[in-house]
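To start, the structure itself, in C-alpha cells.
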Amino acid sequence: MKVSVIVPALNEAESLAETLMSLAPHRTQGHEVIVVDGGSNDETVSIAELHADKVLQGDVGRAKQMNRGIEEAQGDILLFLHADTRLPADALANMINAVEDGYFWGRFNVQLSGKHFLFRLIERMMNMRSCLTGIATGDQAIFVSIESLDIIGAYPQIPLMEDILFSKRLRDLGWPACVSQKVITSSRRWEDRGIVRTVLLMWRLRLLFFLGVPPEKLAQKYG
C-alpha cells in the first residue's frame, strides 16, 4: 500500500524542515509527501521544495489546504500531518497494518514537545479522550483509507473544528485504530498563550461548537 502524507503549511519555516526530514525514509520506500502552502511569506515553500514530492498552492485554511492535497494524492492511505508534528520511524508501517486489519481510519497517540509537567497530563487526556469517544484532533495525525473518503467526502471546509466534524463522519464508518505510537507535536501554542489559558479556550470552543455555534463565528471571536 502507498501512503500520501499531506502537510498543510502557512509560515512554518521554523518547524517544517524537521517534520519533512523525518519523512525522508518513507519517501525512499515509495510513499509520497505533499505540502500544501496557504500563502506563506517566509521560507516555507523553499523548504518544502527541498523535502517534498509535491508542493501545491491552496487557499488559506487548513481544511481547504488538506482538500487540495487530497486532489493530488496517489496513495491508498492518506495521512494528514501538521507542519510542526514529527512521525516515529515505523509509523507508516503501523498505519498500513491497521488498514489491512480492516480499519477505515485511525490516529496516533500524541506527545507534546514541552517539558512542563502539565503537558504530560494534557497528553494523557487527549489520548484517552479520543479512544473513548472515537473523535480525533489534527495533532494526532489522522489517517484514512482512500475508500473511506469515497464514502464520506473530504474535509468540511470550515475555519475551525474541521477535524472534529471529519472524525464524526469517519466514526459512522467504524471506530478508529488507536495507534499507541506517539507523534511528537509542538507545544508552542500552549507556551505562547499560557498552558491553562489554552486548555480552557479549547474546552470553551468545543462546548460552543457542540451547542451549535457556527465555526465561522467561533473563528471570528477566537481565531
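The numbers here are math on the coordinates, done by the rules we state, and not lab data. It should be emphasised that the depicted structure is a prediction, and the values quoted were computed from it without experimental measurement. Don't worry about glycine lacking a Cβ; one is built from the backbone with ideal geometry, like all the others, and counts go over all protein chains shown.
Key figures for this structure:
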quantity: Cα gyration tensor, segment 1-87 - rounded (a/c under 1.5), prolate or oblate; calculated: oblate
quantity: Residues whose placed amide H lies under 5 Å from that of residue 114, excluding near-sequence neighbours; calculated: 187
quantity: Lysines with Cα under 22 Å of residue 221, excluding same-chain neighbours fewer than 8 positions away; calculated: 64
quantity: FRET E, pair residue 221, residue 28, Förster distance 35 Å, beta-carbon r, rounded to 0.05; calculated: 0.20
quantity: Residue-wise HN-Hα coupling along segment 150-159, computed from phi with Karplus coefficients 6.51, -1.76, 1.60 (Hz; x: Gly, Pro); calculated: 4, 8, 9, x, 7, 5, x, 8, 10, x
quantity: Where Rh is the Kirkwood radius over Cα pairs, Rg/Rh for segment 3-189; calculated: 0.93
quantity: Segment 1-66: relative contact order as a whole-number percent, Cα under 8 Å and 6+ apart; calculated: 39
quantity: Cα centroid of segment 154-177 to Cα centroid of segment 92-110, whole Å; calculated: 16
quantity: Average Cα contact separation per residue, segment 3-189, under 8 Å, 6 or more apart, as relative contact order %; calculated: 26
quantity: Assigned charges on the beta-carbon of Lys, Arg, Asp, Glu; the chain dipole about Cα centre (debye); calculated: 1160
quantity: Cα-based reach from residue 115 at 16 Å (exclusive), listing lysines while leaving out same-chain residues under 8 positions away; calculated: 182
quantity: Cβ-derived FRET efficiency at R0 30 Å, residue 147 paired with residue 201, nearest 0.05; calculated: 0.25
